[in-house]
Each structure stands twice: as C-alpha cells, then as structure tokens.
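Below is one structure; the comments refer to it alone.
The values are calculated or read from the model by the stated rules, or taken from the named source; none is laboratory data. Keep in mind the model is a prediction, meaning the values are calculated, not measured. Using ideal geometry, Cβ is built from the backbone for each residue, glycine included, and neighbour counts are taken over all protein chains shown.
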Amino acid sequence: MSAALDPYSTRPGVTARHFLHALNPLAKIAGPLPFMVYLLFVRDIATPLAFACLALLLVTVGARLTPRLGIALWLGLPLVVGVLSLSFGLWTDASRVDHTPLLFQLGDYRFFLGAWLIGLATALRLGALLSLALIAGLTMTGPDLVRALVQHLHVPYRIGYTALAAYRFVPRFRHELDGIRHAHRVRGIAGGRGPLAALRRYLGYIVPLLVGAIRHAERVALAMDSRAFGAFETRTERYLVPLRARDWIFAAAFWVIGASVIVGTARLG
Amino acid sequence: MHFTSTESNSSLDAGRAPLPDRNPVQRSSRWRVVDIVTASVLGVAAGVIFWAWGLAWGPLSTALAFTPGLGGLLAGGWLFAGVLGGLVIRKPGAAIYTEVVAAAVSALIGTVWGFETLIWGLIQGVGAEIIFALFFYRSFRLWVALLAGAGAGVAVGFLDTTFTSYAALDAGAKLTYFVSAVVSGTVLAGLLSWFAVRGLAATGALSRFASGNQTRARARRAG
C-alpha cells in the first residue's frame, strides 16, 4: 500500500509505516496549531522542551527521514537552540536577573544565570515552534496543501492555485538572476571590487529582477486567462485529498497528548 | 478582499471596446488574474529577500547591539513587501496578501522564527494596508508610501516589544526599539518601495496596472 496521497507520484521510500505522509495536510496543521499559538505566550523552559521532544519523536517515527535530516533534527537543532540561548541571553535586561548567580563578566558587562535561562526559554520556544511546523512541513507537498485548502476550507481556488504557481517562480528567479548578472558583466558594469561595490552591484539587480518577474507573471496570467482559469465557481481536481477518520483521530489524539503535556509540565513547574 | 470569478478585464478584451460598466467603483477594486499572479510573484521575490535579510540580520544586529533597541532599525527589511504590493496592485488586500505570501515563502525556505513569521507577516501587512485603506486606495503618492511603511513599522514595533525576547528589555530600550522600527519601516519599506515602483514603471513592466500607467503618463507630461 502506498502511504502518499498523490496516486500519480509516490515518493520513493515512503511506506505504510510513515503514516504522517498519508494524512490530510489540514490535520497535520490543525493538530499542532493550538499549541504553537500557546507556545508564543509561555515563558518557562519545560513546556517548549516537552513539545519539541514530542514533535521530533513524532517526525522520527511517522515521517520518512534521510540520515542527514535525522542528524540535523536531533543534533543540529539542539545546537542552534544552544547558540541562540546565549545570544538571546546577552539581550536580557541584567537588572531583572542580578539576584541569580553570575556566570561571567567582561568589563562592565555581567552575564547572569537568570539571563541565560530567559534566553534558553526563548530559544526553546523557537525550536519547539519549528519542530511542530516540521510535522506538516516534512510530510506534505505544496499542491496537496492547496488542494486540501480549496476542497475543505473553501479557499477560492483562484488564489490557491495562483499562489502555488507563484511558488514555482523561485527556481525561475535563479535563472533570471543568472541572466541579469551575465548581461551586466557583458556590458562591463562591474563597479570594482570590495563589499561596497558588491552591495551596489546587488542593488542594481533588484529592478531588472523585479521587471523580469512581473513580465513572467503577466505571461503566466495571460496563459491562465486564455485557458479560462477562473471562469467557473468550481473546478475539477487531478485527485482528491480526502479528510478521513484517520485525520480526525490524529488531530484529536494530538490535542489530547498536547493538553496532557501542558498539564504535566504545569504540575512539575 | 473581494474576489470574483468573472474576468471581463483580461487581456483578451484588450482590443475590443469596453463593455458597459454597471458599477465602475466596485470594478476597480476587483482582482484580475494578473493582479493575483503579480502580487504572488512580488510576494515570492520579497520572501526570498526576507530570507536573505534574516541571514544578514544576525551579524548586523550584533553590530548594533552597543545600544539596546537599535536593532529595530533592521525591521524595515521585512516590511517592504506589503508596501510594494499595495503600491503596484492598488487594490484592497494587496498589502496584506503580498506581505503574507512573502512571510510564508521565507518561512518555507527556512528562518529561525519558523511559524511565527506568518503571524508577523499578517500583522505587518495589516499595518500597511490600514494606511492604503485610509486613503480609499486612491492616493499612492510618496508620503502615503512613507506612512504605509511607518504603519508596518508600528505593527512590528508593537509585536517585537510585546511578544519576543525584546519584551525583557527596559522601557527606554523598548521605546528606542519601537521608534527605530518605525523609522526603519518608513525608510526601508516606504521610501525604497516607492522608488522601486517608480523604477519599475519607468521600464514599462507595470503597463497593465494603474500604477504603471499613471507614472508613465506623468513622465510623458513632464517630458
């Protein structure tokens, strides 16, 4: 059995065990979303830590991860959180935490344990939000998300599909940028060496790049218009992205587990 | 935002006589396919720039760290999408749409702020949109662009000093941050976007938009 939603292009290596790939994108967003909002307002350390671990475990079990991605998640992410905790800690108002043990002093600057803990809480919140977003981010495709939004949330398909078409412009931009750089070089617009000349060179790319992008957009719009895109209220789909019992079960189970994590960390704290 | 599925203003009609218009005011605020595609493309381009700005933000904010709060001067780099979209498309919802698409694209490419980027994008877009709405989407002069940039700056200043690690700063530093963010929004988002639109209109790329036609007409009169 294939676990992917799109019957026409299955991702290699995705099997029935990788259950996250077979869920509706909306379920994978609706499950973590309330807790992502909740995490914006918490200030302790235990709650984001618990949610980050929960999300990473879920992704490791239910998504197909390459070894490199697995290492990035379990080693890279904690490392980034560690570095960010220090840099956020440096910003913290020292007078609020000067009763906590002093970690180090550089001239007049004193770094307290309390400042690092506030930095750690902030960095962990970001880490937890990122991990929760990865549950959906790693296991769905843009087209599937758009199909689900159009089919189940009644997002106008004119917006959904157009935004999707625009996302395909990212590789197109790279191609355009190469062309502009070559054109500038051929005309001898180098501007010399050094960081200032490089900055001026990059500023010179902005307008041609935007012009190229808008021209491309016009051609795409013309092509869509001439195929009568948007002429009807509804449109047919290549395949459906169903909202099944398993999707409701996933979202409900995530809410129950997330709520118990909040209750558990509140008891501990 | 008001979207309809009828397309009488498409390029296919360009050569024909215009159809009788029942409600010209309402028609001007309708989104054509080319409006949606162009707003999306501007959003995607801005999203890539947001992402690059996020990479540059680390070292730049460290350089500004000698005065707590001056980091707000960098906020404008994430605000120009809404102003640019509003100035080019000139329709209700353009500022919010462009800023949200830009935020979503930068989040999809990957920022350290992840999902929060979307909330910031939405509120920043609203900050710019309110200004365009206050002028009933009729005036798109330089000072309206500056005000829209400042509006987005107020939005990000409020968000950053309330919901991020900057909330831990003392009141003076928070005020510095807020004012820096508004100044940054006015200059980086307002002024630069206005110049960008002028430059774009001069090339003729905006000929299918009111923004391009008006600027070129003005240039012809001047010339």
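Side notes on the structure shown:
- Note on the stretch A:86-97: among residues that are not in a loop (DSSP other than H, G, I, E, B) and not charged (D, E, K, R), the one that is surrounded by the fewest Cβ atoms within 10 Å (Cβ to Cβ) is A:Ser95.
- Within the stretch B:44-67, the set of residues being β-branched (Val, Ile, Thr) and not in a loop (DSSP other than H, G, I, E, B) comprises B:Val44, B:Val48, B:Ile49, B:Thr62.
- So A:Ser95, is it out of contact with any helix residue (DSSP H, G or I) (no Cβ under 6 Å at 6 or more places or on another chain), within 11 Å of chain B (Cβ to nearest Cβ) and either within 30 Å of A:Leu138 (Cα to Cα) or modelled with pLDDT of 90 or more (or both): no
- Number of residues in the stretch B:31-63 that are surrounded by fewer than 17 Cβ atoms within 10 Å (Cβ to Cβ), within 12 Å of chain A (Cβ to nearest Cβ) and more than 19 Å from the chain's Cα centre (by Cα) equals 5.
- All positions within the stretch A:220-235 that are more than 7 Å from chain B (Cβ to nearest Cβ) and touching a helix residue (DSSP H, G or I) at 6+ places or on another chain (Cβ under 9 Å): A:Thr234, A:Arg235
- Counting only residues that are closer than 18 Å to B:Gly121 by Cα and either among the charged types (D, E, K, R) or without any contact (Cβ under 8 Å) to a residue 12 or more places away in the chain (or both), the stretch B:143-162 holds 2 of them.
- Count - residues of the stretch A:98-118 that are more than 9 Å from chain B (Cβ to nearest Cβ), free of Cβ contacts under 8 Å to residues at least 40 places away in the same chain and not in a strand (DSSP E or B): 9
- Inspection of the stretch A:172-189 identifies at least one residue that is away from every other protein chain (no Cβ under 11 Å), at pLDDT below 85 and over 24 Å from B:Leu42 (Cα atoms).
- Number of the condition not met by A:Asp44 [criteria: (1) surrounded by fewer than 19 Cβ atoms within 10 Å (Cβ to Cβ); (2) under 17 Å from B:Glu116 (Cα atoms)]: (2)
- Filter result for the condition that a residue is of a type in the set (S, T, N, Q) and touching a Leu at 6+ places or on another chain (Cβ under 9 Å), over A:Ser260, A:Ser226: A:Ser226
- Test for A:Ala50: is it assigned to a helix (DSSP H, G or I) and in contact (Cβ under 8 Å) with a residue 24 or more places away in the chain: yes
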